[in-house]
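For reference, the structure is listed below as structure tokens.
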There are 2 protein chains.
Amino acid sequence: MTERAITASGATRLRIKSAALDLYAAKGLDGVTIRSLTEHANANMAAINYHFGSKDQLTFEIFRDIARKSAQARIAMLDELQAECAAAERTPKIREIIETFVAPYLDENDPRSGVLLAQLIMKHRAGPNAWTEAVVREELDGMALRYIGLLLEAAPHLTSKAVHWRYHLMVGGIVLALSDSASSNRLERLSGKAMAPQDIASKRREIVDFLVAGFGGD
Amino acid sequence: MTERAITASGATRLRIKSAALDLYAAKGLDGVTIRSLTEHANANMAAINYHFGSKDQLTFEIFRDIARKSAQARIAMLDELQAECAAAERTPKIREIIETFVAPYLDENDPRSGVLLAQLIMKHRAGPNAWTEAVVREELDGMALRYIGLLLEAAPHLTSKAVHWRYHLMVGGIVLALSDSASSNRLERLSGKAMAPQDIASKRREIVDFLVAGFGGD
DNA sequence: TTGGAAATGAAACACCTGTTTGAAACGGCT
DNA sequence: AGCCGTTTCAAACAGGTGTTTCATTTCCAA
């Protein structure tokens, strides 16, 4: 009884989700209306409420998935890193930790996710919400605590308070750096067009180098 | 002919501006309606269009003033710093430069301005606007270039590209750290209530220390 | 083939936004 | 006092938002 429902409804459901990812990445969290959304998805307005219950619920699902995917990717990388370190009887280095943290924001194969992740966090800061709160608490907080613990080990010269602060400063730096290339491109403007913002590899290098230095070296 | 107009209109004009500062700082850029605004200002809805032309124009004036004030404060501090350094025949240190940059965000006498400044920048990144663009370009870009130049001198081990990047990462870190204490208080939650977010002095110290380290030491 | 649930579509709905209107009240000046 | 430009006020307005309605179509199973 549910099988046909799944396959049949799956079509427009997926079309809507896909269009939502595109539009949110392009126009930002406040620039997408239900009308523009259904137009890009070749669907009817009512389809959103029919398939998702409400626009808020759709948005929640979208960003919960993005956040969960990024958290899982980081957890996998951290597991691998810690296994490696356990074998070599050493603790992870600051640079290694930070590289796993930055990775989901700068995935060459999926640049959209990094932008969306940044938008989620900015939205949660600029005007928190029932669903931003839920996404951050349920998908991101645990991962953040793991990073803070690891960084605390890797940077024994820093107090716990300092590591907490620097974790948050790190997130902020990444998020706003990401959003810059996504919209206003202030970095390119101020540097006199000398910067190539599309070069993800060098972008990652600059960001990681700064953050590693911020935590007190490699 | 203008005198009485100025004094008479000045009253509600100022009341509206003051209420706007309060509400924008408390509710964020997207949480203030013309109705809540005039209610808090004991004014009529039409007063906003009568005195400011439009809600957008009012918002523009508010944030242009905030941005201008912060830029002027920083310019004054930089002038003093550079005069001091010229007398001592040395160049400004990274820490000295960054302390002037952070200062307007963490003014004990006016904590509202820091929050508003952070909101302006987040809004400009999350969803740029005609007036955010104008404020950033006209009030902030020149100051940013001066900082980048100074930091380039103070951190000769960094390339120009690196300094540009780190300047933007610095802004991002400050802005999101500021917005955290303003709304979601994630730092306090994750640290198990061990952090005292109201202690501005130690907050400034943590931020500056991280940024100084990020630029490669003192 | 046919019955009935699932899905779609066009239109209307209710709500909230910023803006405008036109009349009333105010306040200084002659 | 009487005038007139300035300012205030309540109400209505226009535009956009998400949601709902209900008739229609689609599609699978009996």
List, shortest first and in nm to one decimal, how far the label point of A:G142 (7 Å from Cα along Cα→Cβ) is from its counterparts in the other copies. 5.2
Once the Cα atoms of helix A:3-27 and of chain A are each reduced to a long axis, what angle between those two axes, in degrees from 0 to 90 to the nearest 10, is obtained? 60 degrees
Output, in nm with one decimal and in ascending order, the distances from the A:D56 label point to the matching label points of the other copies (7 Å from Cα along Cα-to-Cβ). 2.8
Output row A,B: buried area (accessible, probe 1.4 Å, summed both chains) in Å², nearest hundred, equals 4900 Å²
Whole-Hz Karplus ³J(HN,Hα) for the range A:187-192, in order, using 6.51 cos²θ - 1.76 cosθ + 1.60 and θ = phi - 60°, x for Gly and Pro? 4, 5, 5, 5, 8, x
Helix B:55-87 against the longest principal axis of chain B: what's the angle in degrees, Cα atoms only, rounded to the nearest 10? 30 degrees
Phi angles of the range B:33-40, converted by Karplus (6.51 cos²θ - 1.76 cosθ + 1.60, θ = phi - 60°) into ³J(HN,Hα) in whole Hz with x for Gly and Pro, give 9, 4, 6, 4, 5, 5, 5, 5
Cα axis of helix B:200-214 to longest principal axis of chain B: angle in degrees, 0 to 90, nearest 10? 50 degrees
Length-normalised contact order for the range B:56-214 - Cα pairs under 8 Å, 6+ apart - percent: 29 percent
Give, rounded to the nearest 20 debye, the magnitude of the charge dipole that chain B has about its Cα centre when Lys and Arg contribute +1 at Cβ and Asp and Glu contribute -1 at Cβ. 600 debye
Inter-copy label distances at B:R205, 7 Å along the Cα→beta-carbon direction, one decimal in nm, shortest first? 3.7
Tally Lys/Arg at +1 and Asp/Glu at -1 over every other residue whose Cβ is under 9 Å from the Cβ of B:D180; what's the total? +1
With an 8 Å cut-off on Cα pairs and a minimum separation of 6 or more residues, tell me the relative contact order of the range B:26-138 in percent. 27 percent
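The values are calculated or read from the model by the stated rules, or taken from the named source; none is laboratory data. Predicted model, so just to flag it, every value in this text is computed and none were measured. FYI the Cβ positions are ideal-geometry reconstructions off the backbone, even for glycines, and counts take in every protein chain you see. For the accessible areas, the whole protein counts, side chains as well, though only heavy atoms, and no ligand, DNA or RNA atoms are used. Shrake-Rupley method; radii C 1.70, N 1.55, O 1.52, S 1.80 Å.
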